[in-house]
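Here's the structure we're looking at; comments come further down.
Every number in this text was worked out from the coordinates using simple rules, so none of it is lab data. Fair warning: this is a prediction, and the values are worked out from it, not measured in the lab. No Cβ is skipped: glycine too gets one built from the backbone with ideal geometry, and neighbour counts run over all protein chains shown.
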Amino acid sequence: MPIDFSGTWVMETNDNFEDYMKILNIDLVTRKIAIHLSQTKVIIQDADKLTIKTLSTFRNYEISLTIGEEFDEYTKGLDNRMLKTLVNWQGDTLVCTQKGEKANRGWKHWIEGDKLHLELYCEDVVCHQVFRRKQ
Ligand code: VLZ
């Protein structure tokens, strides 16, 4: 029985997000805005179905997927690329691979205590974000 990521999670730290945006070729003006945003994750997990909403005052981003099934992801409002995306369990960690123009792209979500962790990676860049559960 895998753990449940469902809930609303508020950003506490966002390490190296600037380099992650740079490696995705996000323009300077957008980066200047996005670096200061508090992001909120709203996750709805229902058996093997997953919806992850990333909310901010500037831009929102949402994906819905079935764990273990590859889907087409269009990163609209982020770097606007087409990806072949696959999310799987690796123990209690959700591991995502995003195949496309950029090498070694993906992310991992895991929970430690009352904190939700997210590692976003692309090429040799890793961004680490931590969220706390909203009561
Ligand atoms: O999250 O891939 O939780 O999609 C940043 C929104 C969203 C703020 C970053 C505006 C998406 C940025 C991170 C403008 C450039 C991501 C996945 C894992 C789910």
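Give me the extension gain from R133 to H36: residue separation times 0.36 nm, minus the current Cα-Cα distance, reported in nm with one decimal.
32.9 nm
Working out 0.36 nm times the residue gap between I26 and R81, then minus their Cα-Cα distance, what length gain in nm do you get to one decimal?
Length gained, I26 through R81: 18.7 nm.
Would you kindly give the portion of the calculated P(r) for the stretch 1-67 that falls above 15 Å, as a percent of all Cα pairs?
In whole percent, the share of Cα-Cα pairs in the stretch 1-67 beyond 15 Å is 60.
Just going by the charge dipole of the stretch 34-135, with Lys and Arg at +1 and Asp and Glu at -1 on Cβ, which of I63, H109, A34 is farthest out on the positive end?
It is A34.
Output the pairs from K53/K115; K22/K49; K84/K134; K22/K134 with a Cα-Cα distance over 26 Å in this structure; if there are none, say none.
Over 26 Å Cα-Cα: K22/K49; K84/K134; K22/K134.
Specify, per residue and in Å³, the volume enclosed by the convex hull of the alpha carbon atoms belonging to the chain.
In the chain, the Cα hull volume divided by residue count equals 103 Å³.
Just from its helices, what would the mean residue ellipticity at 222 nm be for the chain, if runs of 4 or more DSSP H residues each count -39500 (n - 2.57) and the sum is divided by every residue, rounded to the nearest 500 deg cm²/dmol?
So the helix-based figure for the chain works out to -2500 deg cm²/dmol.
Once both labels are modelled 7 Å past Cα along the beta-carbon direction, what's the E12-E69 spacing in nm?
If labels sit at E12 and E69, their model points lie 3.5 nm apart.
Kindly state, to the nearest 0.05, the FRET efficiency for D124 paired with D92, given R0 = 25 Å and r defined as their beta-carbon distance.
With R0 = 25 Å, the Cβ-Cβ based efficiency is 0.40.
What's the longest piece of the chain with no exposed GluC sites (Glu not before Pro), counting a site as exposed if DSSP puts it in a loop and it has at most 16 other beta carbons within 10 Å?
Value returned for the longest uninterrupted segment is 1-68.
Pick out, in residue order, every one of the trypsin sites (Lys or Arg not before Pro) in the stretch 12-92 that is DSSP loop and has at most 12 other C-beta atoms within 10 Å; say none if there are none.
K76
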